[in-house]
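Accompanying notes for the structure given below.
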Amino acid sequence: MVQTDNLTFHYKKAEHTFRFPNIDLKEQESLLILGKSGIGKTTLLHLLAGLLKPASGRLVVANVDINALSHPQLDKFRGQNIGLVFQKNHAVKSLNVLDNLKARLFFSKKSINHTIIDSLLEQLDLTETKKKGINELSEGQLQRLGIAMAVVHNPQVILADEPTSSLDDENCMAVLRLLQQQAEKNRANLVVITHDNRIKSAFKNVITL
């Protein structure tokens, strides 16, 4: 569940205050947030992830008012309940694919289950990369690894930042299907922010900033 009410954010030394539409997602519902560059899409995503603190408004994620959490509580909550798919790869280059996934589970304080990891790698067509270093992966494999790292700990909310905008049509829809499949598997909310109008038809809930 993701709910926001009268959410605003103001960057220091900036004149403009971002004001965001209210969001009300029930369990397993997905949301597409569209908008041009500079309109505040990534800011909103970072607010939903608890990486930024709003200037005003209420924000509830997985039935928790995250603004009321202390920094340690928020770090723990984010690690256990939120999966982030970034534009750029955030895998640790000194670790191989398997160890990156194990590290994600360790920091989420979730048990390491090799059967679950192997199943996820198979679903994302990454089995052959299991022991490979990050520098050995193709761009497509890196992108799928980013999805794997975002969902391996079974988060309740998956947040994806521009996951398709740099891809051709075929790979665009393939990545979107992977995100939707993983969200469905985890019974999670999926929130995608993008300026990529190609994927609009795949979402019932759409907000344009």
Gain upon complete extension [His16, Ala174; 0.36 nm per residue less C-alpha separation]: 53.2 nm
Magnitude of the charge dipole, the range 1-109, Cβ model with Lys/Arg +1 and Asp/Glu -1, debye to 20: 440 debye
Carbon + sulfur, % of accessible area of the chain - ligands and nucleic acids excluded, 1.4 Å: 49 percent
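What is the projected area of the convex hull of the Cα atoms of the range 51-113, averaged over all directions, in nm²? All intermediate terms of the calculation are to be shown ahead of the outcome.
Values: hull surface 22.6 nm².
The orientation-averaged projected area of the Cα hull of the range 51-113 comes to 5.7 nm².
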Assigned charges on the beta-carbon of Lys, Arg, Asp, Glu; the chain dipole about Cα centre (debye): 600 debye
Subset of Lys131/Lys200; Lys102/Lys185; Lys88/Lys185; Lys12/Lys204 violating a 29 Å alpha-carbon distance limit: Lys131/Lys200; Lys12/Lys204
Positive-end residue of Leu190, Ser166, Gly140, charge dipole of the range 114-209 with Cβ unit charges: Leu190
Cα radius of gyration and Dmax for the range 153-209 (Å): 11.1, 30
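With a cut-off of 8 Å between alpha carbons and a minimum separation of six or more residues, what is the relative contact order of the range 43-111 in percent?
Reported as a whole number, the value is 25 percent.
Taking 1 over the mean of 1/r across every pair of different Cα atoms in the range 27-67, what Kirkwood radius in Å do you get? List each step's numbers first, then the result.
Working: mean 1/r = 0.0869 Å⁻¹.
Hydrodynamic radius (Kirkwood, Cα pairs) of the range 27-67 is 11.5 Å.
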Distance from the range 118-157 to the range 56-104 (C-alpha centre basis), Å: 17 Å
C-alpha long axis of helix 97-107 to longest principal axis of the chain, angle in °: 50 degrees
Sequence-separation-based contact order of the chain, relative, with Cα cut under 8 Å and 6+ spacing, percent: 31 percent
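How large is the dipole of the range 123-209 about the Cα centre if only Lys and Arg carry +1 and Asp and Glu carry -1, each at its Cβ, rounded to the nearest 20 debye? Intermediate values should be presented prior to the final figure.
On the way: 10 positive and 11 negative charges, 85 e Å.
Dipole of the range 123-209, to the nearest 20 debye: 400 debye.
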Residues of the chain: accessible area per residue with a 1.4 Å probe, Å²: 53 Å²
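Given a Förster radius of 41 Å and the C-beta distance between Lys110 and His195 as r, what FRET efficiency does 1/(1 + (r/R0)^6) yield to the nearest 0.05?
0.75
Share of Cα-Cα pairs in the chain beyond 30 Å, in percent?
Beyond 30 Å sits 20 percent of the P(r) for the chain.
The values are calculated or read from the model by the stated rules, or taken from the named source; none is laboratory data. On a predicted model such as this, the values are computed, not experimentally measured, just so you know. For neighbour counting, all protein chains shown are included, and Cβ atoms are generated from backbone atoms with ideal geometry for every residue, glycine included. Please note that ligands, DNA and RNA were not included when accessible areas were found on the heavy atoms of the full protein model with its side chains. Shrake-Rupley method; radii C 1.70, N 1.55, O 1.52, S 1.80 Å.
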